[in-house]
Amino acid sequence: MAATTSITGALVKYFRVQPVVVAGALLSFTGLVIGSFGREFYVLFITIPFMTGIGCSLCFASTMTIISDYFHQHFALAWGIAWSGGSVGIVTFPIVSGFLIDNYGWRGALLVISAIQANILVCAKFMKPTPNGQTSTNLVHSVGKGYSRLENQSSHETASAKDEKDVDGDSKASAFTNQSRSGSGVGAECKDDKLVKDKKWLEKLVQFLDHAGVSLIWTNRVFASCLLLQIPTSVGNSVTLPFLVARAESVGVLGLQAELLLSVVGVANIVGNLINGPLVDANVAELALIYGVVEAVVSVSAISIAILESYPFFVVYAVLFGFSSGIYIPLGAIMVRRIVGQERFAGGFGIALMLVASGNMLAASISGHLYDTTKSYSGCFYFLGAAAGLCIVLLLGLHLLWTRLVPDDRWPTIKRSALRR
């Protein structure tokens, strides 16, 4: 799902939020319905991961973008509240899906979930663009140091049309004055027309990549360096959610008690999301410091849970990880918005989520390999602790780099936030 969020950012720039959310809801709904009737593996492989996954990506990234458009002074608070919806899903979805499968089978469960997914169409009705239409392509321009200048789409089309008109005029004049020429002249004119059309498509492709945030990688050095944080940060959920219950059961914790740990993670995550906004808006500490502290909590608690085998310690870990991830996950998006600005947030957020998706797949593979090698889930949590430690080192290094060694005002600091207010 997250791997296509960058493309979603570009689509939002072209078509606005509401149509993209509607398209995503219809695609995910259709994928679930078709998947419920599938009897072959390839049908499920196409419908669930791709149709439903891409559809959810369109809905999720578009919703996050419109929050950025509507909220400015208290963006962190609004972002935390919106992000807590995912935490509610962590608590409720395992219970609801288990109930549906037990009573209706997995096919019936997919049908019911598809009906729930269709309610996004109702939500899309309320996702109207801001009065000044800030997600439209006709207002995308360069903002701040190092941003690439994005030309107006209509200007591109007008210029291209003018070029085609000029070329057509030249072609007609040439044909009128050189009727006696050989067929080689006609071939040259066709070649010129083809070059003009190729140039037009190239311009559109470059503009689409601009809207998708790709150009930020080489035009905004602070953003490019911030992308280094995305992969180690993504390890937390990739280890805790799949392996916490298994780790508890491997040391003798009963099944129901072990499964309750994920609910504890979800509840603590909701609390962290709700606290994140006021904490950031209070502007009392550097974002890098807040980020580093919660990552340190994750690192220490993960290593501890790899060593200790008592159920109370598992509960403590679930609380600490849920609360910490409820702060550092939305905080990463807040940092991206402050670095790239509101106008380019959709693309920048999409690029960051693509790396998060890559980190999730990589971390899951490494964790599975560690278990297969050691026959113990402790190695997975050692890996999580090391990844969180790496994230701390990167955070401190980037903060020192952009505030002391090579000062760049795009790196979020308390002083910069105060000036904005």
> Which value, in Å², gives the accessible area per residue of segment 1-96 when a 1.4 Å probe is used on the protein heavy atoms?
Replying inline: 46
>> Ordering Met127, Met354, Met361 by accessible area with a probe of 1.4 Å, largest first, what comes out?
In response: Met361, Met354, Met127
> Tell me, what is the 1.4 Å probe accessible area of Leu241, in Å² to the nearest 10?
Replying inline: 60
>> In whole percent, and with a 1.4 Å probe on the protein chains, what portion of the accessible area of segment 189-323 is carbon and sulfur?
In response: 73
> Counting only protein heavy atoms, what percent of the accessible surface of segment 7-49 is carbon or sulfur at a 1.4 Å probe?
Replying inline: 77
>> Given axes a ≥ b ≥ c from the Cα gyration tensor, I'd like to know whether segment 227-275 is rounded (a/c under 1.5), prolate (a/b larger than b/c) or oblate.
In response: oblate
>> Out of the total accessible area of segment 369-409 (probe 1.4 Å, heavy atoms of protein only), what percent is carbon and sulfur?
In response: 68
>> Need one word for segment 1-122: rounded, prolate or oblate. Basis is the Cα gyration tensor (sqrt eigenvalues a ≥ b ≥ c); a/c below 1.5 gives rounded, then a/b vs b/c decides.
In response: oblate
>> What does the C-alpha gyration tensor say about the overall shape of segment 346-394? Classify as rounded when a/c is under 1.5, otherwise prolate if a/b is larger than b/c, or oblate.
In response: oblate
> Of the cross-linked pairs Lys125/Lys200; Lys128/Lys199; Lys13/Lys199, which ones have a Cα-Cα span greater than 31 Å in the structure shown?
Replying inline: Lys125/Lys200; Lys128/Lys199
>> Considering only C-alpha atoms, what is the centroid distance from segment 209-241 to segment 346-421, in Å?
In response: 9
>> How much length would be gained if the chain were fully extended between Asn103 and Leu202, taking 0.36 nm per residue of separation minus their Cα-Cα distance, in nm to one decimal?
In response: 30.3 nm
>> Using protein chains only and a probe of 1.4 angstrom, how many square angstrom of Tyr104 are accessible, to the nearest 10?
In response: 140
>> Report the gain in length on full extension from Leu289 to Tyr42: 0.36 nm times residue separation, minus Cα-Cα distance, nm rounded to one decimal.
In response: 84.3 nm
>> Per residue, how much accessible surface does segment 287-421 expose to a 1.4 Å probe? Answer in Å², no decimals.
In response: 42
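The values are calculated or read from the model by the stated rules, or taken from the named source; none is laboratory data. Treat the numbers as computed from the prediction; the structure is a model and nothing was measured. Quick note on the areas: whole protein, heavy atoms, side chains included, nothing else; ligands and nucleic acids left out. Shrake-Rupley method; radii C 1.70, N 1.55, O 1.52, S 1.80 Å.
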